[in-house]
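To start, the structure itself, in structure tokens.
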Amino acid sequence: MLKMIVPLCLYQLWTIALVLTLQMFMHNARFLCLSVRGSWQQLNSEPVIHGEVHFPQYPGPYLPNQKKEWDLWVPEGYQIQLSLTHLDIKASSGCSQDSLTVLHDQEVLGSFCGQNNSTDHPDKESILSPGNRLTLIFQTSDSTPELQQHTGFSATYKAIDIDECSKPDPGDGSYPLCSQICINTPGSYTCTCHSGYKLHLDQHTCLFSCGDCIFDKHEGHLSSPWYPGPSPPILSCKYIISVEPKFTVTLNFSENFHIESVDTQQGPRCLHHWLQVTTPGREPIKLCGGKSPGVLATNSSTVRLDYHTDNEGLSHGWSLDYSTYSEEVKCPFPGNVAKGRVTPTLTEYFYRDYIHVTCKRGYRLIMDGQKIRWFSAMCQSDGQWQLPLPECQLIDCEEPKPLLNGGLTFLSGVKNQYGSVVQYHCNEPFYFFPGGGNVSFTCKADGKWRSNHNDATLTCIPVCGKPRKLIPTYQRTVGGSEGPDNTIPWHVLLYINGQIGGGMVIADRWILTAAHILTHDGNLVSKDDVQISMGLIDVHTLLGSHAYAASIHIHPEYNNPNGLDYNNDIALIKLQDAITFNSSIMPICLPAEGATYVTDMIGLVSGFTIRDTDNYRILTDNIKYVHLLVVEQETCSTSVNELRKTKDLPSLTNNMFCAGVPDGGKDSCHGDRGSPLSVRDGGRFWAAGIVSWGVDCRHRGTYGIYTRVANYLDWINKTMQEK
């Protein structure tokens, strides 16, 4: 039976007669050495980090009354891992007779006897030495039979790198090995620091990286690391201010000053944290406490500041501005500037004196051909002014910005110079300023054109619904009348895949029309298939010149795949290019908020097609128009419902209204699909309806149906703003 005894404390072993200390390796050499009592042998002639040890007669039987000792050691930074590969030692209680004992620095790590196939064998578990040395002692007793067959032991061993960085802190002040970052290396370790820190000469401590530079300017600013926050621990910062010998340095500390001090019987002392001020030939001054030193005249051209903190306490740091002074340096009289003034006016100018240049009203500072906002120069330590004097030139403003659909006129002053006045005007009668009248701008002292009215807006608004010529108030001519030039300037001719339609201009890039002419079999037509003509009344000229659509926007609730639902029959076309309005092209006004449709209100419908007696459409050479009357909604509904009794027709909704004449006639159906029905009110025409649909409107009591535009103001305005 194998026995293993591991004591809990150190005890006295028998005296070891001889210990050989062999210096067989240089720094970081990686090999093992073996010392055997009475004789020794190196395990390998070449440096190795593993090997085998066993009783000399192994695998033969061992003899009684013997004692053998092996000393193993490896380089510093390594441990020895010992593994028992064979064990056959006579078993005894507590391994008191024959045994193999493993020690480290006289501390028994284990005693072994018995056989490795016994139940209490450690199953070849390894023994790890605490350090880089290990001692093995094999002894046999006198009571061992001379002819016994026990063969002793065999073991393997190897060097294991010690991870110094993961060792627990023993609490004796020897740890941590590194103040910040520890990196394990074979046989040793390396200390590194976080960003902003540097490694101390002791190769263990991290110091905050600060100072270590020379300030040679004649003025500057210094502060402790992380100021105004708490200073990092373990600081050793050095700052040196060094200027020409004829200057003296003055330190001006800010009020926010705090360096920890220790109260003693002799008063506050700077024991752990301090800022030391050193000047040549004088005793250093240590500063600490919570009161600012204020202004400190050093009377020296060289000053050294050393800021120190340790691990104890907390300081919030310091901040200072330094300046230099010399009574000997003078600068020449700066001279004068035409149309300007140099201040202050002194009899003499010394080092660090400043001068400023300002220009008279209407003039501006110019230096090296460039405009500057202000000018100052300092008398330097070499007796010269920091900068040459600038010039004062008459202020001029940039060219006034052009006005789209308008222009400007110079009213007074030299062109673009200070005091000049320009007046902007819109191209009347087609555009106007929102506030009415014209807007004047003056070239001001800051070189900007500025209006006397801060809220002046340089945007020309199109005039809507005021054609240069008017059609008589009410005319009905069979077949419709030809529209004179410039009487219906908002009418648009649409040519879509061979079909004629109409629309109306409502803004410089927007056409309002019916949704049903921009769809085919429930699908939106391509914008490339839409030709847009406007501005002329002759159809042949219109079809030869057209604008292009940038996008098409059908009302989202329009759904009429079978031609039986004309609710929300309204659409917008956005043009690729903006329109410039004139007498032949002008927008129609949109309805006012809350606009009402009064029965018998006269509406003007225009278009390029009429219906003949056989209900066929005929394209005319010139634009036609007809005056129709708005029909009372109940009358309109009754007419539609009567027709629905015999025909499959759309329903009338509150988004529609009827217009026509009491007696009927083919001219009451006048107007292209999508064409406008306009109403004149207060001297302006506004878009009341869009030609949508109708049945037998040439007969008495039947009417054309129009989209009620006033119901869609929100959708129209939102679409034009967002698209």
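Derivation of every value follows stated rules applied to the coordinates shown; laboratory data play no part. Since the model is a prediction, treat every value here as computed from it, not as a measurement. Because the Cβ atoms are built from the backbone with ideal geometry, glycine has one as well, and the counts that use them run over all protein chains shown.
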TODO: Give the order of Thr192, Thr278 when sorted by the count of other beta carbons within 10 angstrom, beginning with the fewest.
DONE: Thr192, Thr278
TODO: Pairs of Cα atoms under 8 Å, at least six residues apart: use those to get the relative contact order of region 354-420, whole percent.
DONE: 30
Open item on the list: Students often get this wrong, so check it: of Lys246/Lys286; Lys469/Lys527; Lys198/Lys286; Lys339/Lys371; Lys198/Lys291, which have C-alpha atoms separated by over 23 Å?
Closed with: Lys246/Lys286; Lys469/Lys527; Lys198/Lys286; Lys198/Lys291
- [ ] Using the Cα centre as the reference, give the magnitude of the dipole from point charges on the C-beta atoms of region 210-325 (Lys, Arg: +1; Asp, Glu: -1; all else neutral), rounded to the nearest 20 debye.
- [x] 240
Task: Only Lys, Arg (+1) and Asp, Glu (-1) charged, at Cβ; region 349-461 dipole about Cα centre in debye - done: 180
Open item on the list: Please list, ordered by chain and number, the residues whose modelled amide H lies under 5 Å from the amide H of Gly220; skip anything fewer than 5 residues away on the same chain.
Closed with: Tyr322
Task: Per-residue ³J(HN,Hα) for region 430-435, Karplus 6.51 cos²θ - 1.76 cosθ + 1.60, θ = phi - 60°, Hz, x for Gly and Pro - done: 9, 9, 7, 6, x, x
TODO: Return the sequence-ordered ³J(HN,Hα) values of region 628-638 in whole Hz as given by the Karplus equation 6.51 cos²θ - 1.76 cosθ + 1.60 applied to θ = phi - 60°, using x for Gly and Pro.
DONE: 10, 9, 5, 9, 4, 4, 5, 5, 4, 5, 4
Task: Cα gyration tensor shape for region 481-719, rounded if a/c is under 1.5, else prolate or oblate - done: rounded
Task: Cleavage-rule hits (GluC sites (Glu not before Pro)) in region 338-433: DSSP loop, at most 11 neighbouring Cβ within 10 angstrom - done: Glu348, Glu398
Task: Cleavage-rule hits (chymotrypsin sites (Phe, Trp or Tyr not before Pro)) in region 216-315: DSSP loop, at most 15 neighbouring Cβ within 10 angstrom - done: Trp226
Task: Summed residue charge, Cβ within 14 Å of Leu575's Cβ, Lys/Arg positive, Asp/Glu negative - done: +1
- [ ] Would you please classify the overall shape of region 330-394 from the alpha carbon gyration tensor, given that a ≥ b ≥ c denote the square roots of the eigenvalues, rounded means a/c under 1.5, and beyond that prolate means a/b larger than b/c while oblate covers the rest?
- [x] prolate
Open item on the list: Amide H of Leu575 versus every other amide H placed in the peptide plane: which residues, excluding those fewer than 5 positions away on the same chain, fall under 5 Å?
Closed with: Trp510, Ile511, Ala550
- [ ] Report the net charge of residues surrounding Lys527, where surrounding means a beta-carbon distance below 15 angstrom and charges are Lys +1, Arg +1, Asp -1, Glu -1.
- [x] 0
Open item on the list: Under 17 Å from a point placed 7 Å out from the Cα of His453 along the Cα-to-Cβ direction: which residues of region 415-434 have their backbone N that close?
Closed with: 422-428, 431-434
Task: Ranking of Met586, Met378 by count of other Cβ atoms within 10 Å, fewest first - done: Met378, Met586
Task: Order of Ser639, Ser223 under a 10 Å beta carbon neighbour criterion, fewest first - done: Ser223, Ser639
Task: Difference of contour (0.36 nm per residue) and Cα-Cα distance, His356 to Ser223 - done: 44.8 nm
Task: Under 15 Å, Cβ to Cβ, from Arg341 - net charge with Lys/Arg +1 and Asp/Glu -1 - done: +3
Task: Whole-Hz ³J(HN,Hα) from phi, Karplus 6.51 cos²θ - 1.76 cosθ + 1.60, for region 305-317, glycine and proline x - done: 10, 10, 10, 10, 9, 10, 6, 9, x, 8, 10, 8, x
Open item on the list: Below 17 Å, Cα to Cα, which lysines can Lys401 reach? Residues fewer than 8 away in the same chain don't count.
Closed with: Lys415, Lys444, Lys448
Task: Anchor Lys68: lysines whose Cα lies under 19 Å away (excluding residues fewer than 8 positions away in-chain) - done: Lys90
